[in-house]
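Accompanying notes for the structure given below.
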Amino acid sequence: MCTVCGCGEGETSIEGHAHDQHSHPHGHGDQPHSAEHSHDYGQGPAHAHAPGLSQARMVQIEQDILGKNNEYAAANRRWLAQRNILALNLVSSPGSGKTSLLIRTLSDLKEQLPMAVIEGDQQTSHDADRIRETGVKALQINTGKGCHLDAHMVGHALQTLTPEEGSVLFIENVGNLVCPAAFDLGEAHKVAILSVTEGEDKPLKYPDMFHAADLMILNKTDLLPHLDFDVERCIEYARRVNPRIRILQLSATSGEGMDAWYQWIDATRQLAVLGS
Amino acid sequence: MHELSLCEGVIQVVEDSARQQGFCRVKTVWLEIGALAGVELEAMRFGFDVVKRGTLAEEASLEIIRLPGQAWCLPCAKTVTIDQRFDACPACGSYQLQVTGGEELRVKELEVE
C-alpha cells in the first residue's frame, strides 16, 4: 500500500509504479490534494426520523459520495491547465476501435503535435505496447477487478508519465459504457466512441455515458455498406439523451472522416488555451 | 458494477467524519440517490454489506432516499419529472429537456454512537 495516502488497495497497478514504497509527491504542483478539509457540520440533536434516540446522535454529512474522486479530478484539471495540456477521456464498449483510432491519430499527428497516452485496461499492457510502437509515450494502468479508471489513478499516472507542456493527453478508459460515466478524471472532454457494428440504440441503452460525453465518434463507417445500421436514427437517439453532443463519423481503418476529428482536436486545443 | 466503488466512497466519507466528529460506531447511513444517478439500488445495498465489514459501519443499516429525476422542458417552460434521461417531456412529448435534478449521489446523514 502507498504509505503517503493509503492508496493501492485492491489490484490496481500502474506500470513502473512500485506501490509498496513509492515516494511520489501527492500534491499536484502547489495544490496538495490530500489536504484535510473541515466540513463544519452540526453535531446537534437527532432528526425526526430517529425516534427513541439514546446515546446515539445524528450527524449531518451532505457530502457527495464521489466527492473524493472529484477532488482528485479537480487537482488533475489544475495540473493539466497549468501546463496547457488538453486531456481527452475516450470511453466506449470493448471492441469499438478505441485503440485503433488512437494509433491512427498518433501516427498521423505525431509530427505536428506533442501527445501522450494513458491506457486503462483490467489486465495486460498490450494496448500501451501497441501505442508505444508509434513512438508516442504511453503508460498502462491495470485496474485489476476495477471496471473504470478513477481520478486518483490518473493523478498518479500523470506524475509518472509527465506529458509535455501544450500536449494532447488521450486517456483510454476501460472498455465499459456504464461506470466510467460517473468518474471525472479531470479531463476537458469525454469522447464516446461507438462503432457501427454495435446497435444504433446504444445511446439509449447507455444514456449516462452519452449524456456525459461532449463528442460522439461513430467509428468503422467503412463497414456501413455491409450492415443495416441506421446512422440517422443513432444520431437522433444520441441527441435525445444529450442535445448538445457533437457527432463525427469516421473510419480509423480507411481514414475517411479522420480530418474532421483532427480539426476538432486542434480547435478544442486552441479553445482550451484561450480559456485558461 | 461501480456501485462497489461508490460504497467504498461512502465508507471513506463515514471514516473521515468519524475522525472529525469523534464517533466510533455507525448505526444507520442515509444516502440520497437521484433517479438519474446511474445507480442500481440493489447493487448498492449488496455492495454496502460487503464493504462495511471490518469498518466502524460494520453494524450499520443502509437507508436510501430516492430523489426524482427532474428536467426543465424548454417548450413548456416548466419543470417536469422524468424517470430516464431519454424520456420525453410527459406534458408535450419534446426531447428538449435540461436535466435539473435527480443526479444526486450523497451521504445525507449518519446515526452514530
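The values are calculated or read from the model by the stated rules, or taken from the named source; none is laboratory data. Just so we're clear, the structure is a prediction, and the values are computed from it rather than from any experiment. Heads up, the Cβs are rebuilt from the backbone with ideal geometry, glycines too, and the neighbour counts pull from every protein chain shown. For the accessible areas, the whole protein counts, side chains as well, though only heavy atoms, and no ligand, DNA or RNA atoms are used. Shrake-Rupley method; radii C 1.70, N 1.55, O 1.52, S 1.80 Å.
Take the conditions touching a strand residue (DSSP E or B) at 6+ places or on another chain (Cβ under 8 Å), more than 9 Å from chain A (Cβ to nearest Cβ), among the hydrophobic types (A, V, I, L, M, F, W, C) and farther than 27 Å from residue A:174 by Cβ and apply them to residue B:41. Does it pass? In short, no. Of the numbered criteria (1) open to solvent by less than 40 Å² (accessible area, probe 1.4 Å); (2) at the interface with chain A (Cβ under 8 Å from one of its Cβ atoms); (3) in contact with a strand residue (DSSP E or B) (Cβ under 8 Å, 6 or more places away or on another chain); (4) not charged (D, E, K, R), the one residue B:89 fails is (2).
Inside region A:213-237, residues that are open to solvent by 10 Å² or more (accessible area, probe 1.4 Å) and in contact (Cβ under 8 Å) with a residue 60 or more places away in the chain make up a count of 1.
Report yes if some residue within region A:243-257 is at pLDDT below 95, open to solvent by 50 Å² or more (accessible area, probe 1.4 Å) and under 30 Å from residue B:104 (Cβ atoms); otherwise report no. Yes.
In region B:37-86, the residue that is most open to solvent (accessible area, probe 1.4 Å) out of those that are hydroxyl-bearing (Ser, Thr, Tyr) and in contact (Cβ under 8 Å) with a residue 24 or more places away in the chain is B:61.
In a residue-by-residue description of region A:56-64, the property of being open to solvent by less than 20 Å² (accessible area, probe 1.4 Å) and within 21 Å of residue A:212 (Cβ to Cβ) applies to no position. Of the residues in region B:8-27, at least one is in a helix (DSSP H, G or I), out of contact with any helix residue (DSSP H, G or I) (no Cβ under 9 Å at 6 or more places or on another chain), surrounded by fewer than 18 Cβ atoms within 10 Å (Cβ to Cβ) and more than 9 Å from chain A (Cβ to nearest Cβ).
A count restricted to region A:119-160 and to residues that are in a helix (DSSP H, G or I), more than 14 Å from chain B (Cβ to nearest Cβ) and touching a residue at least 24 places away in the same chain (Cβ under 8 Å) stands at 11.
Conditions tested, residue by residue: (1) in a loop (DSSP other than H, G, I, E, B); (2) over 23 Å from residue A:104 (Cβ atoms).
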| position | (1), (2) |
| --- | --- |
| A:203 | no, yes |
| A:228 | yes, yes |
| A:233 | no, yes |
| A:244 | yes, yes |
| A:247 | no, no |
| A:254 | yes, no |
| A:260 | no, no |
| A:263 | no, no |
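Residue count for region B:95-113, restricted to those that are facing chain A (nearest Cβ under 7 Å) and in contact with an Asp or Glu (Cβ under 7 Å, 6 or more places away or on another chain): 3. Somewhere in region A:166-179, is a residue part of a helix (DSSP H, G or I) and either within 14 Å of chain B (Cβ to nearest Cβ) or more than 18 Å from residue A:95 (Cβ to Cβ) (or both)? Looking through region A:166-179, at least one residue is part of a helix (DSSP H, G or I) and either within 14 Å of chain B (Cβ to nearest Cβ) or more than 18 Å from residue A:95 (Cβ to Cβ) (or both).
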